[in-house]
1. Going down the table (B:Lys288/B:Lys488; B:Lys73/B:Lys357; B:Lys73/B:Lys239; B:Lys73/B:Lys478), which pairs top 31 Å between alpha carbons?
2. What does the charge count near B:Asp512 come to, summing +1 for each Lys or Arg and -1 for each Asp or Glu among other residues with Cβ under 9 Å from its Cβ?
3. By the gyration tensor of its Cα atoms, with a ≥ b ≥ c the square roots of the eigenvalues, what is the shape of the stretch A:1-48: rounded for a/c under 1.5, prolate for a/b over b/c, or oblate?
4. Give me the Debye-computed log₁₀ of I(q)/I(0) at q = 0.12, 0.17 Å⁻¹ for the stretch B:284-434, equal point scatterers on Cα only, no solvent, two decimals.
5. Between B:Gly265, B:Gly343, B:Val289, whose Cα lies farthest towards the positive end of the dipole of the stretch B:262-358 when Lys and Arg beta carbons carry +1 and Asp and Glu beta carbons carry -1, centred on the Cα centre?
6. How compact and how long is the stretch B:409-566, expressed as Rg and Dmax of its alpha-carbon atoms in Å?
7. Hydropathy first: keep DSSP H helices in chain B averaging at least 1.0 on Kyte-Doolittle, then drop any whose Cα extent along the axis falls short of 30 Å, and list what survives.
8. Just tell me how shielded B:471-483 is by partners: mean number of partner chain Cβ atoms within 10 Å of each residue's Cβ, no decimals.
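The values are calculated or read from the model by the stated rules, or taken from the named source; none is laboratory data. Everything quoted here is computed from the prediction, not taken from an experiment. Cβ placement follows ideal geometry from the backbone for every residue including glycine, while neighbour counts extend to all protein chains displayed. Ligands, DNA and RNA are excluded from the accessible area calculation, which covers all protein heavy atoms including side chains. Shrake-Rupley method; radii C 1.70, N 1.55, O 1.52, S 1.80 Å.
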Amino acid sequence: MTRHGPALLALSVLAIAGWTYNVNYDTRAALDRISELRANIADERETLQVLRVEWAWLNAPDRLARLVVEHNDRLALTALTPDAFGYVAAVPYPPDLPAEPPSGPPPELLVATAPDAAQAEGALLAGVDEAAPDRAAVETGELLLAEASTGNAVDPGTVEATGTVVASAADKAGAIAGAPPEPTTMREAVTLALIEAGVVQPDAVRATVMPASVTPGTPVPPARPAVWARQ
Amino acid sequence: MTDIAPQAGARGRAAMRGDWRIILLMAGFCVCYAAVAVRMGLMATIEPEEPQISRDGGPTLPIRGEIVDRDGKLLAGNLPAWSLYAHPQDIRDPGLAADELARIFPDMTRDELLRDLTSDSRFVWIKRPVTPREKQAVHELGLPGLHFGNREMRIYPAGAAMAHIVGGVRAGREGVRFAELVGAGGVEGYFDERLRDPELAGEPLRLSLDLAVQQVVREALTRGVDAMNAIGGAAILMKVGTGEVLAMVSVPDFDPNAPPQPFYGDAGQNPRFNRAAQARYELGSTFKVLTTAIALETGAVEPGTLIETPPTLRYGRHTIHDFHRMPPIMTVEEIVVESSNVGSAKLALMVGTPRFKAYLGKLGMLDPSGIELVGASDNDTLIPERWTDLSTITISFGHGLAASPMHLAAAFATVANGGVRVYPSLVAGGRESGPRVFSEQTSREMLRIMRQVVINGTASRADVPGYRVGGKTGTADKVRPNGGYYDKKVISTFAAVFPTTRPEFVLVVSLDEPTNMSAPVPARTAGWTAAPVTAEIIRRAVAVMGIRPLPAPVPGDIASLGASWE
């Protein structure tokens, strides 16, 4: 072994020298990488600072006020005043529901057969007219739940009286004139509102979402107030 | 090395013995390398005390501290920007360069650019600061001789809403790669040292103002100033307990991001003039509240004491008279509610000049308000050089002493705060309340009287249902610069405290030359001008602050016996 001693020694010197060289340049590369990263971090911090200032700029009160005015047709925001404060305790309970749910919808609400659709329409309108005296109160935008208790017995399953509901006068006018029946679910109510706002084309959704009340033989729940408060 | 092996036998030993120098040299190299290897191993494994790698520069500190409102919304921030300079000797075609630059920077004329670019010096500033978009445009020109340097610019995202508060900055010393920003005006000027301190640069300066409330007050005040055809107005909304100013608005105002425009006109109409803190007006009948509080405190009178109030009061050569006919005998309360000058003159004379002046000093009416704004922090009130009894008489109903609306707000806050002195402040947290000026009883009685002013008296148009607004109107003729008063120009002020049953806020609104044309007769008095504007401001501010209206007190409630608060 010792006769290879000097050779091994020389080889080991070469190996160590090579390793030293590598480590040296690896260290330099690492330090360069560090300063590159630091420069990147500084750039990112500067970008953060710019973004913070830009966020504050976009939220400038004058700019927001201008946007509110520009998009008034979609936002319809008004200045907040103390009238907006209310108490939950001041919201009235829904009117008393009948003690026993009826066995079925009252006969005047049933759509009997297709040829009698006109008659059914008349029955619907008749039902609507009966409650006409109460609509005067509704026209002014007051609470609508009182209407549900007049005349037509209400199927408890379909009525979800939650808090204050107000229907705009336009909704009622449509119902009296024999317009498409009122929506019966929240989804239908939202779709109807979107159609009226012009966001969604009515033809595309009418088939799928509008209530299928024209099918003969199916009971028609009474007109539900649109759960949508609009100015 | 291969030839060493065959000689390993006989010759090798001899060679080894003979070449001991080579062995020694190799051993020496091995030792050195071993030492280096050991050292490297130690360095790699043992945690160094001050490693170079973890010597991170830390977050890049802003050159100037930020200013935020009480909720943390940014009011003043820094943006990296550029400054444009030129080496005129490198510019090939000054005319073309001047044309292009004039197109990019519309506020510089071609001639002055040409002059800059053809000057003899080797270095000339063209424009600073320059936004990144402008920099890109100049860069794309590709003209030699134009260079950019880094700098930071100050930007005020809140815009004109906070214009008078933040003030502005101007450039101090500047070089190519930096520019010193020195505060000039407003909070930037007052806290300049603190904002430039590198240790505090990372921590924003938190003000007591609320940007939402400020905007709402500004909108309502602007609408009121327009409706009343006034030339300007000021509003201060302050918390009673701590003196924190929630909103301070002065209209007309300016855009703090735009470079300062020269203003040629009366200094009082300059948009940069802060009417809320810098102006010194004779505040008129609002002083009657202070006079009455002082009179009640000295024990000379009670709220129900009857005072003779003849139509005129002669003092030497001067005559004091009331705005309109008053009953010949009035209670102290009625003097305030109906706003009788004769009555308050008598009250002040009962107190006596030395005590009256001392109390006004305790209320802060003889000193600067101390609000943290450049231009307002050392704003003395204007007091008569020789304070005679006649001065006391005129000051008792607000003429003869000129103070800013900020002084009035602080004095009313003191009255409402149970009599403990309130110092106004723009910094979050406010300042500690000071020594006691009035007793609790005096404070309570004055609050009740102020509520009566709004229910029964001159300020009925200031009432907002559910907020128990109390206060005092003041209509003062404007002073002519040459002496004397204008005939038809007034400063109309209303100082409100609400809710009077448990005071939280003071609101002072001051309008400059208002006229209410929608009144039956065009009216300038505060009851027709400042009071309705105050009501509108209160209505909008409480909604934004989320303060619910108070319910009406139960009839027959012990606490409301003998008084009606609603």
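1. On the way: B:Lys288/B:Lys488 23 Å; B:Lys73/B:Lys357 42 Å; B:Lys73/B:Lys239 20 Å; B:Lys73/B:Lys478 38 Å.
Long pairs (Cα-Cα over 31 Å): B:Lys73/B:Lys357; B:Lys73/B:Lys478.
2. Details: positive: B:Arg275, B:Lys478, B:Lys489; negative: B:Glu513.
Charge balance in the 9 Å sphere: +2.
3. Numbers: a/c = 12.65, a/b = 8.42, b/c = 1.50.
It comes out prolate by the Cα gyration axes.
4. -0.51, -0.94
5. Checking the options against the dipole of the stretch B:262-358, the answer is B:Gly265.
6. In Å, with Rg to one decimal and Dmax whole: 16.9, 57.
7. Working: long enough: B:20-45 (37 Å, 1.65).
Qualifying helices: B:20-45.
8. Numbers: counts 0, 0, 0, 0, 0, 0, 0, 0, 0, 0, 0, 0, 0.
Across B:471-483, the average partner-chain Cβ count within 10 Å equals 0.
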